[in-house]
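Input: a single structure, listed below in structure tokens.
Each value in this text was obtained by applying a stated rule to the coordinates, not by laboratory testing. The structure displayed is predicted, hence computed values, not measured ones. Neighbour counts run over all protein chains shown; Cβ positions are idealised from the backbone, glycine included.
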Amino acid sequence: MSPEILNLIVSATVDTLRMVAIATTLGTVGGLPLGVFLATSRRGELLASPRLNAALSLLVNATRSTPFIILVVAIIPFTRLVVGTSIGTYAAIVPLTVAALPFIARLVEASVREVDPGLVEAARGMGATPLQIIRKVLLAEALPSIVLSLTLAVVSLIGFSAMVGTVGGGGLGDLGIRFGYQRFMPDVMAAVVVVLILLVQAIQSFGDRLARRLNRRLRRD
Amino acid sequence: MPDRSISLAEGPIPDSLTSRAEIAIKNIDLLEDPGSLAETAPQPDMAVAPIIRFAGVSKRFAARRSSDAVVALDGIDLDVPRSSILGIIGRSGAGKSTLIRLVNGLERPSGGRVIVDGVEIAALKGRALRQAQRATGMIFQHFNLLSSRTAYGNITLPLEIAGWDRARINARAELLLDLVGLADKRNRYPAELSGGQKQRVGIARALATSPKVLLSDEATSALDPETTQSILALLTRVNVELGVTILLITHEIHVIKEICHRVAVLDAGQIVEQAEIFDLFARPSHPTTRSFVQTITGVALPEEFAGRLLPGPKPGGTALLRLTYTGEAAEQPAISRLGRDLDIDANIITGQIQRIAGRPLSVFIVAVPARAEAAALQLLAKLGTEAEVMGYVA
């Protein structure tokens, strides 16, 4: 493999990581509060506002049920509005974030719903505000599960980021399509796949290990 | 008071721990509020206004798609005397959990008033409600400790919520750890603690903000008998030494017998009986009470009699009397007097003697000839022994 190709792979990897990192960060910044709200706003819950909950839930479902590749194309005007172009690594971050946010919200919602309602009751009995309950009880208790959820989100986004290559998004997917597929360079294709596998493997085991360290429910002697 | 010979420490915890906790209590007393655990007078004073009053309280749960409307509580009138231990016993579904949750505002009554230390909880909202909630602590059957926090961290939670500063939180938490005998488990997570230790953390957490009232929701129901005893002993100490009023709900009559001063029996959302602890065991009136009490005073008819019980006497038959001796009457040789004064054979079929709230309570089932029934009842009444005809056998 020529040094040029190797350079391409390295810079494509950096592009992918940058896209995924920024999209995950933005998706978490929006998805975490949204997920917490979804988990606490049904009737009779901490932040009970059933109508807003239903509306947001519908919106999340709509985004989640749109195939990613269609989402990418459908929001091109929005992407242009935000970053001024619909082509390139930064442009790809927009659809990635739009896909990541509701996905992360649903995962966080599920994690928060797993927290024993008895703990919320105990905190309510102590005179805790809803915000205190969310911070000190729900998020603290759900943290290991949320870490696993985010790991899952990152891995999924790496997959999505490969797809934005088809619309000029840059990154490993783009490299694989343009060089590996269109220029018949199977070694590049293989290298792209190997790098992706290593990436996912590393992220997953990092997430697993972090979650295990945070999880105090297991007895350690 | 019932038997106090139970040890304060759970299992093989050395005596030094207990005494260390006692020293801790003395230290606590020396500290200024809010470091002081003992805010109320330690002597039970039944004459002053009750610390909790339920007045005509009802609670309905509205119908949902999946279930019909439920009347959980109906016309509850109940006073909890300051610095007492009051037990509410009932079967599951009787409304116990709803009742206790009205006290700290986790539930709101549909009708009537719940007044805690002079304040109607349901009338409060927001900040004022949260403030009032800090005057009660609660412990739970399944402990409800945060798995993400150590014993220490769980105890500091209510103090963080109340907005204390770090230094005061730390001092307070260390005292509480000492009080419940868990100073050496400070940095353990709940997953590393036994059930009894978890409940001790729960108790320390509940006492953190120096509440006047401790609510106990089946706090020993998930514990083995030995651990139950040690937790009940700790609760008694909290009541006696800190003057904290304890309102506990349980379905276990022995918990009532062990630590309560008064008891209310809840059945299908209504209080069907309330009494001082001894009276409940000596003279249970409602069928639900009887069936609870029976597991302790345990004098059911042996099967060979229960199977052939007749509603009325037969010539030459036998009457079965249940005799209950309370207090001084327990000293009287009533059964031998039956034989001597009436010249009949009085045969003890089964019986039990025990101490409840420090007083002897004896229950015997005695067989006497049916023809002497009236005379026997008369004599027993004269001797101050309660007697009840259970039935007849041929």
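Details
- FRET E, pair B:ILE344, B:ALA222, Förster distance 56 Å, beta-carbon r, rounded to 0.05: 0.65
- Tensor-based shape of segment B:38-155 (alpha-carbon gyration tensor, a/c under 1.5 rounded, otherwise prolate or oblate): oblate
- Three-way shape call for segment B:299-393 based on the alpha-carbon gyration tensor, with the a/c threshold at 1.5: oblate
- Spin-label pair A:ARG217-A:LEU58: with each label point 7 Å from Cα along the Cα-Cβ axis, the two points sit 3.4 nm from one another.
- For a label point 7 Å along the Cα-to-beta-carbon line of A:SER49, residues of segment A:128-169 with backbone N under 18 Å: A:129-135
- Per-pair calculated FRET efficiency, R0 = 45 Å: B:VAL272 and B:ALA123 via Cβ, rounded to 0.05: 0.95
- Between segment B:193-271 and segment B:47-109, the Cα center-to-center distance that results, in Å: 17 Å
- Selected from B:GLY126, B:GLY111, B:GLY163 as most flexible by GNM, with chain B as the system and alpha-carbon contacts under 10 Å: B:GLY126
- DSSP bridge orientation in chain B - percent antiparallel, rounded to nearest 5: 70 percent
- Working from label points 7 Å from Cα in the Cα-to-Cβ sense, the B:VAL389 to B:GLN131 distance is 6.4 nm.
- Counting only DSSP beta bridges whose two residues both lie in the protein assembly as shown, roughly 70 percent are antiparallel.
- Tensor-based shape of chain B (alpha-carbon gyration tensor, a/c under 1.5 rounded, otherwise prolate or oblate): prolate
- With a 10 Å cut-off around each Cβ of A:114-123, the average count of Cβ atoms from other chains is 5.
- Top of B:ALA151, B:ALA49, B:ALA171 by mean-square fluctuation, Gaussian network on chain B, Cα under 10 Å: B:ALA171
- With the cut-off at under 20 Å, measuring from each backbone N in segment A:131-160 to a point 7 Å along the Cα-to-Cβ line of A:ASP208 picks out A:143-159.
- Legend: ranking of residues B:ILE203, B:ILE296 from fewest to most surrounding C-beta atoms inside 10 Å; resulting order B:ILE296, B:ILE203.
- Binned Cα-Cα distance frequencies in segment A:100-168 - 5 Å width, integer %: 3, 17, 21, 17, 13, 10, 7, 5, 4, 2, 1, 0
- Under a Gaussian network description of chain B, with springs only between Cα atoms under 10 Å, the residue in B:PHE143, B:PHE54, B:PHE305 that fluctuates furthest is B:PHE305.
- For chain A, hydrophobic long helices are taken as DSSP H runs at least 24 Å long by C-alpha position along their axis with mean Kyte-Doolittle hydropathy of 0.5 or more; these are A:3-40, A:89-113, A:140-163, A:186-214.
- Given B:LYS96/B:LYS125; A:LYS136/B:LYS257; A:LYS136/B:LYS96; B:LYS96/B:LYS212; A:LYS136/B:LYS125, the pairs whose alpha carbons are separated by over 27 Å: A:LYS136/B:LYS257; A:LYS136/B:LYS96
- Theoretical FRET efficiency, 1/(1+(r/R0)^6), r = Cβ-Cβ of B:GLN352 and B:ARG64, R0 56 Å, to 0.05: 0.75
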